[in-house]
Structures are given as structure tokens and as C-alpha cells.
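**Student:** Okay, handing you the structure first.
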Amino acid sequence: MRITKNKTVVASLFILVLCMIFINQSCNQNTQDKPSAALLNKYSQFTEYTDPGEYSLLYNSMPETTEGICKLVKKQLIHPFEAREMKDIIPEDRYMEDGDFPTVSDMLKELLQRDSEGLIMTRKPANRLVVACYHHSLLFASMLRSKGIPVRMRAGFARYFEKQANVRFGHIICEVWDNDKQAWIIVDPDRNYINLPASRFEFPSVSWENYKNDRLPDVTYTSSTGNGAQATLHILLLDQAFVLSDERNYWHTPVFLFTDSFSPGDFNKNKIEIIDKIAMLMNKPDNNIDKLQQIYLSNEFLNAQERSLETYYQKMYGEDK
């Protein structure tokens, strides 16, 4: 009887030790998942794209809250799809102005010219910029960084219209560091969504892994470069650039993505392995910034090429600007 009891005690202690090891490892993993102070500081600094330059004074009367800033951005900008529903207000030649304003400084200059009151909630639709999700996130990130708030742009696939249109479309949003929650929250300045649930936005590292393992759902993945694997790679490499603070325009992409005959089957084994590694590292980008940076700089085929927007307009709308 005593022997049995001793064995039970030993077994219980063994299980307790295993549980303590598991809890400790989990805690360590959670700690590792948090971005370093240096990385958060980097995300709170202006980049060449988000620097307001001489127009920084326009930020002086900004709302204090993330929600208020998000609403303010939406009152300055109109998405091209929305503009097409305002034909009596916005002329047809202004349905897509992304290429006219490559930086926040350019955007602010034009906003001030169209309405001398600056960044106001009462800006008329005719005086707003007609730009897509990229510019919404760019301006939003600039405003938050002016307050020292860490924020980064992210690319992925929005699931907003999945049930209606059976599509997950390439989209650009922001992640904002919530110091109280010690976590990133998703904000979509284009749609004016705050703290967007993860179930409504799919990061491309997940999309690529599902594609490779034939686990994609029966929906169409699409972006400005095409559909399927072409769209997934476009958004994956754009997302990598964003977390590395290269907020390049979304139509500046590696050459191989802008070919009508694109096929992942054309890649050699080495290139596929590099892309697979990017996807794996992007599952936890905060843990892997240095590795992602090394891959980004050392593989020429990943380099983004500056391209005309004409190709983009053709692919998206079947027409020139």
C-alpha cells in the first residue's frame, strides 16, 4: 500500500514538473512575441513616405484618439470605387490619383490647396483626394507617428465581401501598438474599422502556406497583379517590405509578378525555398526582423521595380487613367 502511494506521489510530482516547464516555455514564448523597444521606436519614426515635411503644422489640431484620427483620414480621402459612385461631384479623370501623391507630404500639399482650412472633418467630397487603401494607411500612420505612437502598414487579404462576392481582395491596413494591451491591434483607415478582428483579415504568410499545402478555401484571392498565387505572392512580398519599414508604393513590385504568363512552377527550387522561408518568418515578424531584412537585401529577384501605374489601371479596371 505504501509503495503504491509513493509511486502515485512521484508520478504527481513528475506531472507537476512537466506542467511548470510547459508554463515557463509558454511565458518565454509570449515574451519573445513582443516587439523589442528598439523595434517599437523604429515604428514610431517617420519614413521617407510618411514624413509630413513642411506641412507638419497641419497635425496640430488632430484628434487625440486613434478612432478620431481614423475618422479624420476618411474625411480627407475617397476610395476610387466610392468616387465612381459620385459622378456628379468628382470628374472621371480624378477616379484614381494614387500616382499623383507618392508621399504624405505630397498628399498634404494638395489637400491644403483644395481647401485652405487643412485637415478638417467638414471637407467636401469634391476637395478630397481619390486614393486607394495604401494612401489611407500611409496618412494614418504618419499622423500616429507624429504623436510617437508605433504603427506599421501591413498587406493582406480583406474578407469583408467574401460571402457576397466569394473573394478575398488584396488590401493594406495598419497595425497599431496598444501599450495597455501590449499587443498589435488592426486598424483599417480606408474602411474606418478600429480593432478589426483577425478573422476578417488574412495575412499572406497564411495564404501562401495554405496554397503550398493545397488548403486554400474555395474563394478567389485577388490583387492588382492578378489572382491566385500571383496575388498571394504580390501581397506577401509587399507585407515583408512594410514590416521592414519600406513603405514603397504597392505598384512597385518585383518584375516577375507583372507578367501575364506568371506561374510559381517557373521558379527554381532555390527561389521557392526563399519564398517559403519568408512566409514562415512572416508568421512572427517581430521575432524575425533581422532574418527578413537579410533575405530582402540579398536576393535580387525580390527587388521591387518602379513601374508605371498604367499597367495597374489596365489590370484593375481594363482602362487607362
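The values are calculated or read from the model by the stated rules, or taken from the named source; none is laboratory data. Since this is a predicted model, take the numbers as computed values, not measurements. Cβ placement follows ideal geometry from the backbone for every residue including glycine, while neighbour counts extend to all protein chains displayed.
**Student:** Could you say which residue among Val167, Val176 is free of Cβ contacts under 8 Å to residues at least 60 places away in the same chain and hydrophobic (A, V, I, L, M, F, W, C)?
**Tutor:** Val167
**Student:** What residue, among those in the range 278-321 that are assigned to a loop (DSSP other than H, G, I, E, B) and either under 20 Å from the mean Cα position of the chain (by Cα) or at pLDDT 90 or above (or both), is nearest to Ala38 (Cα to Cα)?
**Tutor:** Asn288
**Student:** Starting from residues that are crowded, with 20+ Cβ neighbours inside 10 Å and part of a helix (DSSP H, G or I), keep the ones in the range 93-104 and report whichever is modelled with the highest pLDDT.
**Tutor:** If we take residues in the range 93-104 being crowded, with 20+ Cβ neighbours inside 10 Å and part of a helix (DSSP H, G or I), then Val104 is modelled with the highest pLDDT.
**Student:** Determine the pairs where a residue that is under 19 Å from Met143 (Cα atoms), located within the range 88-112, has a partner that is part of a loop (DSSP other than H, G, I, E, B) and among the polar types (S, T, N, Q) with Cβ atoms under 7 Å apart, the partner being 6 or more residues away or on another chain.
**Tutor:** What qualifies is Pro102/Asn249; Val104/Thr50; Leu111/Gln76.
**Student:** Got at least one residue in the range 53-61 being at pLDDT 95 or above, within 20 Å of Ile172 (Cβ to Cβ) and assigned to a helix (DSSP H, G or I)?
**Tutor:** No, the range 53-61 contains no residue that is at pLDDT 95 or above, within 20 Å of Ile172 (Cβ to Cβ) and assigned to a helix (DSSP H, G or I).
**Student:** Then there's this: Please find, among His252, His234, the residue that is of a type outside the set (Lys, Arg), crowded, with 23+ Cβ neighbours inside 10 Å and either over 17 Å from Glu175 (Cα atoms) or in contact with a strand residue (DSSP E or B) (Cβ under 8 Å, 6 or more places away or on another chain) (or both).
**Tutor:** So the residue among His252, His234 that is of a type outside the set (Lys, Arg), crowded, with 23+ Cβ neighbours inside 10 Å and either over 17 Å from Glu175 (Cα atoms) or in contact with a strand residue (DSSP E or B) (Cβ under 8 Å, 6 or more places away or on another chain) (or both) is His234.
**Student:** Next up: Go through (1) within 25 Å of the chain's Cα centre (by Cα); (2) within 23 Å of Tyr160 (Cβ to Cβ); (3) touching a residue at least 40 places away in the same chain (Cβ under 8 Å) and name the single condition Pro125 misses.
**Tutor:** Unmet condition: (1).
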